[in-house]
Amino acid sequence: MSSFLLINPRSGKDSPTADELAAEARARGIDTHVIQEGEDLAEIARAAAADKLGMAGGDGSLAPVAEVALEQDAAFVPVPFGTRNHFARDLGLDRDDPIGALRAFDGSERRIDAGRANERLFLNNVSLGLYARLVHRREHHRGRREALARLRAWAIVLTHRDPLGITIDGEPVETRLVLVANNGYVLDLPSLGEREQLDEGKLHLYAAGGDPAQRVGERFVVDASAGRLEAAVDGEPDVLDTPIEFRIEPLALRVLFNRPESG
């Protein structure tokens, strides 16, 4: 069976480097491509037509390759190679061991849920409102020094106090922040922000200040008179046309995991 790995060298990891990770993957017989500026992840993944399709990058890099895996009924191999690697954490992977994650190409398979925002796939969550605005402003100012970009983004966001002006399933909701998650997040310490399962078959919608603040279901529709909303999809900036139909695809994605080390 053919194996193919894409590596995003700009995801945030500096040890190992992208070249070191690529060399290790090739030594294991995995065809490897290091993404260059301007290349399209999905196009490269689709052209590979591999049975096992891996992506080494941060959370924002994973969904385009997972989408191709779904299209081609290939097994998906996530390799944590970003700054936070929330998806890898929730899968139970060692977020600090991208080399070890390569063992998953010869590992065991499980199926997990995938989410959709209209037709866009997401693996973690989609944010609308306050956090999405922060992500967009940070991206807009990324040419400046990173710390300054973050501070400027926060300053802009914190002075913008207007609610989103949205409806959820036809009901007006006054909120500045909506998060739709693929499976539910733990809301208690010490595991705040983690997901205990990825195969519940449910979306969890959180609306800050909303009533109710949390909704659980297989489908939600968020609408806005503006016709579009800034969003952060798995932490990446996007603009989604409204109404936005969120839905769950239960057990849609085949994911490969590391085999336990012997000895």
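The values are calculated or read from the model by the stated rules, or taken from the named source; none is laboratory data. As the structure is a computational prediction, the values presented were derived from the model and not from experiment. Positions of Cβ are backbone-derived with ideal geometry, glycine not excepted, and every protein chain shown enters the neighbour counts.
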Options ARG144, ARG150, ARG138: the member that is surrounded by fewer than 14 Cβ atoms within 10 Å (Cβ to Cβ) and either in a strand (DSSP E or B) or at pLDDT below 75 (or both) = ARG144
ask   = If only one of VAL239, VAL178, VAL186 is in contact (Cβ under 8 Å) with a residue 12 or more places away in the chain and among the hydrophobic types (A, V, I, L, M, F, W, C), which one is it?
value = VAL178
Candidates ARG120, ARG111, ARG28, ARG10 - the one that is out of contact with any helix residue (DSSP H, G or I) (no Cβ under 7 Å at 6 or more places or on another chain) and more than 30 Å from PHE220 (Cα to Cα) = ARG10
The one condition in (1) surrounded by fewer than 20 Cβ atoms within 10 Å (Cβ to Cβ); (2) without any contact (Cβ under 8 Å) to a residue 60 or more places away in the chain that LEU205 fails to fulfil = (1)
inquiry  = Of all residues being of a type in the set (Val, Ile, Thr) and at pLDDT 95 or above in segment 82-135, which is farthest from LEU203 (Cα to Cα)? Just the residue, please.
reply    = ILE99
query = Do we have any residue at all in segment 18-30 that's in a loop (DSSP other than H, G, I, E, B), exposed (fewer than 15 other Cβ atoms within 10 Å of the Cβ) and of a type in the set (Gly, Ala, Ser)?
reply = yes
task = Of the numbered conditions (1) surrounded by 20 or more Cβ atoms within 10 Å (Cβ to Cβ); (2) of a type outside the set (Phe, Trp, Tyr); (3) over 29 Å from GLY12 (Cα atoms), LEU256 fails exactly one; give the number of that condition.
result = (3)
request  = For segment 203-242, name all the residues that are assigned to a strand (DSSP E or B) and closer than 18 Å to GLY193 by Cα.
outcome  = LEU203, HIS204, LEU205, TYR206, ALA207, GLN214, ARG215, VAL216, ALA232, VAL233, GLU236
key: Subset of segment 208-239 (residues that are loosely packed, with under 14 Cβ neighbours inside 10 Å and within 19 Å of the chain's Cα centre (by Cα))   = GLU218, ARG219, VAL239
ask   = Which of the following residues is over 13 Å from the mean Cα position of the chain (by Cα), in contact (Cβ under 8 Å) with a residue 40 or more places away in the chain, closer than 17 Å to ASN258 by Cα and surrounded by fewer than 24 Cβ atoms within 10 Å (Cβ to Cβ): ALA75, ALA50?
value = ALA75
message = Return the residues of segment 20-55 that are modelled with pLDDT under 95 and acidic (Asp, Glu); say none if nothing qualifies.
response = GLU37
